[in-house]
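The values are calculated or read from the model by the stated rules, or taken from the named source; none is laboratory data. Quick caveat: nothing in here was measured; it's all calculated off a predicted structure. For accessibility, only protein heavy atoms count, side chains too; no ligands or nucleic acids. Shrake-Rupley method; radii C 1.70, N 1.55, O 1.52, S 1.80 Å.
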Amino acid sequence: AYRIIPWMCWKYDIKGYLYWCVNFWNENPWQNTMNTKWGQNGNGLLYYPGKDGPVTSIRLEATRDGIEDYEYLYLLNKKVKEMEAKELDAAGKTSLEKAKKLLRIDNFIVESMSEYTQNENIIYKRRAEIAEAIQDIDRISSGKPSENIQVTEDFSNTVTAEGGKNFGKLGELTFELYRGGAFQI
């Protein structure tokens with residue numbers, strides 16, 4: 001519910017939203033998050049008091065993710081406008097139309113201010129499609145041909161980061177791979 005708010009803002013051309021309070025602690029929120037007289041769980045509570053300062057809530061992190069989704073939409077919209085001013089070949093026109101479609105928030109994502117998807121995978125998939133469209137427009141704008149990238153990495157030996165620092169308790173290296181394709185370890 002918190003992540004979808006920026007998607008709603010995009011769909012209905014709302015330029016911002018106000019969250020009335022982020023640290024409404026009239027009692028210990030670690031023991032009771034029903035902290036308002038109207039009994040809404042976590043309302044006005046995006047941070048919890050911590051020994052060393054505020055501690056973020058999952059609600060705040062979901063809000064941040066939604067704002068990042070909005071930034072992707074904003075960036076794609078900017079690139080679409082730039083692309084519309086250019087002479088495009090057939091592939092460019094196809095990419096432009098695909099990008100424009102991604103900027104429209106379908107009803108299966110947000111149907112109204114009170115009805116929206118509860119399936120996080122729909123949001124993840126749309127965000128990945130938006131990111132791919134941004135990259136596609138950048139590629140077309142730069143005049144670079146489409147390429148099929150394949151990366152093969154051998155992780156049979158211990159991986160140490162630059163500067164000799166490892167990650168995680170067991171020296172794990174984590175990463176994400178976007179744009180589909182095959183991945184082998």
Checklist entry - Which whole-Hz couplings ³J(HN,Hα) result when phi for each residue of the range 60-72 is put into the Karplus expression 6.51 cos²θ - 1.76 cosθ + 1.60, θ = phi - 60°, listed in order with x for Gly and Pro? => result 5, 5, 5, 4, 4, 4, x, 5, 5, 4, 4, 4, 4
Checklist outcome for this item: The answer for residue 34, listing residues at least 5 apart or on another chain whose modeled amide H is closer than 5 Å to its amide H, is 42
Checklist outcome for this item: Counting sequence-distant residues (5 or more places) and residues on other chains, those with an amide H built under 5 Å from that of residue 116 are 111
Item to check | the range 34-51 - phi-based ³J(HN,Hα) in whole Hz, Karplus 6.51/-1.76/1.60, Gly and Pro as x | outcome: 7, 9, 10, 5, 8, x, 9, 4, x, 5, x, 9, 9, 10, 10, x, x, 4
Checklist outcome for this item: From most to least accessible, 1.4 Å probe, no ligand or DNA/RNA atoms counted, 104, 64, 126, 139 line up as 104, 64, 139, 126
Item to check | Nearest-10 value in Å² for the accessible area of residue 9, using the 1.4 Å probe | outcome: 10
Item to check | Accessible solvent surface per residue of the range 1-92, calculated while the other protein chains remain in place, 1.4 angstrom probe, Å² | outcome: 64
Checklist outcome for this item: Per-residue accessible area, 1.4 Å probe, largest first, puts 116, 48 in the order 116, 48
